[in-house]
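Contents: one structure, followed by commentary.
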Amino acid sequence: QALFNLLLPDHAADAFSPPRGPELSCWDALLERLLGGLSRWDAEHLLFIAERGYLYEHNCAFLPLYPLSLRALAQGPLRPLAPWLRPRSRLLLSAALLNWLLAALAAAALYRLGLAVLGCRRLPFLAALLFSVSPAGVFLAAAYSESMFSCLAFSAMWLLEKGQSWLSGLLFALATGARANGLVNAGFFLYSGARRLALLLQEGSGAARGVWRQLLGLMASAALPCAGVALPFAVFQYYAYMRFCGSGWGPEQPVPSSLLQLALDKGYRVAAMDEVKPPWCSQPFPLVYTYVQDSYWNVGFLRYFELKQIPNFLLALPVTLLSSWAAWTYVVADPRHCLTLGLERRKSEEESKPRAGFCCPAAFVYVVHATVLLVFGFLCMHVQVLTRFLGSSSPVLYWFSAHLLQEHEPLLRTEGIDNETTASPFKEETPGGESAAPCGKGTCANPVWMLLRNWRLITPLSKCVLGFFLSYWLLGLILHCNFLPWT
C-alpha cells in the first residue's frame, strides 16, 4: 500500500476529511508516507473518533470499541512517541499494529472453528490460508474495525462450539461493540437453545421428566446471552441520545474553530451545540445508527437498485455468486436436514460418526448466517460492501472456497508435484495422532502457494477462486489506498 500510495495520486473524493491541525513534523510525514493508505474513506471517521470523540452526528454510524482500542494503544504503549508523533500519527500507527495482530488471530480462530465444526483438518487449514489473502484484505489491514470484528466473532463461534457459552457471549458482545452487524450473532444462541430443546423433546417422556423446568432453563440460557450481545449497541444508542438530544454531554475537549467551520461548510450537526434537536430524538425508539445510515448515506431497502449503480453490483457479483453457490450446495447435499432446520435427531448420526467437510450437519447454522447477511446486504446496503461485509463476518466464504479447491483440484490430491514434496500437500491427522498441520518434506506445506506456483496446471475453477481472492486483494490495495471507489 505504501508503494501504490507513492506511485499513484490520490483521487479527489468527496469523503470525510477533517483538518489535520498543525504542520507535520518530519516523523509525522514519514509515517504518513508509509501508512497513509490505511487511513482512507471510513478510516478517517474511526481515527477522528479515537482522537476527538463523537463530535459530529454522522460519526455515530461507527461503534466505539475499535476507536477506544486505538486511543488506549496510542495513549498507553505508544505514549513515549509523543515528542515525535502527533496524536493522529500515533493513532494511525496503533491501527496498523493492532490490525496486523488481530487479522493473524482471526485466521487462527477461523482454523480452530473449522476444526470444531467441519470435523477435519484439511479444509480448515486451507480456509485459514485463504483468509490470509482475503478479497477484503485491505480492510483487514486499514484502520477499519473489520479485523477486530473477525477476530472476536470467529473466536466466539469457536468457544460456543466448545460449549463455553458465557465466554462466547462476552466475545459476541464485544463484537457488537465493534460493528452493528454483530447483532445478528445472537441467532447462534437462539439456534443453540432451539436445538437443545428439540433434542430434549425427542428423547421421550421418560427423559423429559420436568420438561417445563428444563424448557424455562433453556429459554433463559438463550435469552440472557442474546441480551448481552445486544447490550453494547443499546448502551451506545443511549450515549448518543444523551450527547445529541440531552444536555450536559458536550465534547470532552474544546472544539477547534477549524472543526466548527467544517461542520458549517458541510452541514454536520455538532454534539450539544445545536439548539434544534435532531429529528431522531423525538422517535419512540431513538436510534441514531439507523437515522445516520438513512440520512447521510441513503441506506435502506432497495434504495441502491438504480441503473447508475450497475458497476457496484458487478463489483459485488463474485462474492454474491460464491455465497449463493455455497448455500445451494449445502441445501442440495441434505435437503431434509435443511427443511427440519437441523433440529431432527437422525439415526445415522447416532449409529455412526457424522460426515465431515463443508456439508456436515454442524455447518448448517453458519450457512444460514451467511445467507441472511447476503440477502440483507444485497437488498438493504450499498451492495459493493458485500465483499468486506461477508469476508469479515462469515467463515462460510472461506470454507466453501476451500471446499471447491479440495473437491475439484487434482493437484491437492497428488503425492507430489515436480518432486517438490514427498507427501501429499495435505496430511490428515491419524486417530490419536498429534500432527498439527499438513506437512511435506519435513516442513509445513502451503497448498495455496503450491497452487499458485503451478498456475498453468490447475483447473479453471481453481483459477477462478484464487483469481477472485488475489485480484480483489491486490485491487483493494491499489484503489482503496488512493481514495478510489472500492468495496
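The values are calculated or read from the model by the stated rules, or taken from the named source; none is laboratory data. The structure displayed is predicted, hence computed values, not measured ones. Here Cβ is always computed from backbone atoms with ideal geometry, including for glycine, and neighbour counts include all displayed protein chains. Ligands, DNA and RNA are excluded from the accessible area calculation, which covers all protein heavy atoms including side chains. Shrake-Rupley method; radii C 1.70, N 1.55, O 1.52, S 1.80 Å.
Quick notes on this structure:
- Long-range neighbours under 9 Å by Cβ, at least six apart or interchain, first residue closer than 11 Å to SER324 by Cα within the stretch 367-383, second in a loop (DSSP other than H, G, I, E, B) and of a type in the set (Phe, Trp, Tyr): VAL367/PHE358
- Set TRP27, TRP41: member being open to solvent by 60 Å² or more (accessible area, probe 1.4 Å) and under 21 Å from the mean Cα position of the chain (by Cα): TRP41
- In the stretch 1-14, the residues that are in contact (Cβ under 8 Å) with a residue 60 or more places away in the chain form Cβ pairs under 9 Å with partners that are in a loop (DSSP other than H, G, I, E, B) and open to solvent by 80 Å² or more (accessible area, probe 1.4 Å), at six or more places apart or across chains, as follows: HIS11/PRO485; ALA13/PRO485.
- Of TYR291, TYR304, all but one fail to be in contact (Cβ under 8 Å) with a residue 12 or more places away in the chain, within 21 Å of ALA234 (Cα to Cα) and in contact with a Phe, Trp or Tyr (Cβ under 9 Å, 6 or more places away or on another chain); the exception is TYR291.
- Just one of the listed residues (LEU47, LEU63, LEU31) is in a helix (DSSP H, G or I), of a type in the set (A, V, I, L, M, F, W, C), in contact with a Ser or Thr (Cβ under 8 Å, 6 or more places away or on another chain) and modelled with pLDDT of 95 or more, and it is LEU47.
- Filtering the stretch 455-487 to residues that are in a helix (DSSP H, G or I) and in contact with a His (Cβ under 8 Å, 6 or more places away or on another chain) leaves LEU461, SER462.
- In the set ARG112, ARG71, ARG90, ARG52, only one residue is surrounded by 22 or more Cβ atoms within 10 Å (Cβ to Cβ) and either within 30 Å of ALA263 (Cβ to Cβ) or modelled with pLDDT of 90 or more (or both); that residue is ARG90.
- When the stretch 387-437 is filtered for residues that are over 30 Å from the mean Cα position of the chain (by Cα), in a loop (DSSP other than H, G, I, E, B) and at pLDDT 50 or above, only THR414 remains.
- Count of the stretch 115-142 residues which are open to solvent by less than 20 Å² (accessible area, probe 1.4 Å) and within 21 Å of PRO318 (Cβ to Cβ): 14
- Per-region count, the stretch 443-454, residues assigned to a helix (DSSP H, G or I) and touching a residue at least 40 places away in the same chain (Cβ under 8 Å): 3
- Residue match in the stretch 211-223 (condition: part of a helix (DSSP H, G or I), at pLDDT 85 or above and open to solvent by less than 30 Å² (accessible area, probe 1.4 Å)): no
- For the stretch 296-318, the condition of being assigned to a helix (DSSP H, G or I) and closer than 30 Å to CYS245 by Cα holds for at least one residue.
Here is a yes/no grid of residues against (1) out of contact with any Cys (no Cβ under 8 Å at 6 or more places or on another chain); (2) open to solvent by less than 20 Å² (accessible area, probe 1.4 Å):
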{"site": "TYR289", "(1), (2)": "no, no"}
{"site": "VAL292", "(1), (2)": "no, yes"}
{"site": "TRP297", "(1), (2)": "yes, no"}
{"site": "PHE305", "(1), (2)": "yes, no"}
{"site": "ILE310", "(1), (2)": "yes, no"}
{"site": "LEU321", "(1), (2)": "yes, no"}
{"site": "SER324", "(1), (2)": "yes, no"}
{"site": "TYR330", "(1), (2)": "no, yes"}
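- Hits in the stretch 143-180 - residues which are among the charged types (D, E, K, R) and buried (at least 23 other Cβ atoms within 10 Å of the Cβ): GLU146, ARG179
- As for the stretch 358-365, it holds at least one residue that is of a type in the set (Val, Ile, Thr), modelled with pLDDT of 90 or more, within 21 Å of the chain's Cα centre (by Cα) and closer than 18 Å to SER394 by Cβ.
- Criterion violated by VAL396 - all others in (1) open to solvent by 10 Å² or more (accessible area, probe 1.4 Å); (2) among the β-branched types (Val, Ile, Thr); (3) touching a residue at least 40 places away in the same chain (Cβ under 8 Å) satisfied: (1)
- For first residues located in the stretch 247-263 and under 13 Å from GLU51 (Cα atoms) and β-branched (Val, Ile, Thr), partners that are surrounded by fewer than 15 Cβ atoms within 10 Å (Cβ to Cβ) and modelled with pLDDT of 65 or more and lie 6+ apart or on another chain with Cβ distances below 8 Å form the pairs VAL255/MET273.
- Options LEU46, LEU68, LEU63: the member that is within 24 Å of VAL270 (Cβ to Cβ), free of Cβ contacts under 8 Å to residues at least 24 places away in the same chain and under 26 Å from the mean Cα position of the chain (by Cα): LEU68
- The sole residue among VAL184, VAL138 that is under 30 Å from ILE478 (Cβ atoms) and in a helix (DSSP H, G or I) is VAL138.
- The listed residue being out of contact with any helix residue (DSSP H, G or I) (no Cβ under 6 Å at 6 or more places or on another chain), assigned to a helix (DSSP H, G or I) and among the hydrophobic types (A, V, I, L, M, F, W, C), out of TRP166, TRP158: TRP166
- Test result for PHE376, within 19 Å of the chain's Cα centre (by Cα), modelled with pLDDT of 95 or more, among the aromatic types (Phe, Trp, Tyr) and open to solvent by 30 Å² or more (accessible area, probe 1.4 Å): yes
- Top-ranked residue of the stretch 1-22 - restricted to ones that are among the aliphatic types (A, V, I, L, M) and open to solvent by less than 60 Å² (accessible area, probe 1.4 Å), ranked as nearest to GLU44 (Cα to Cα): ALA15
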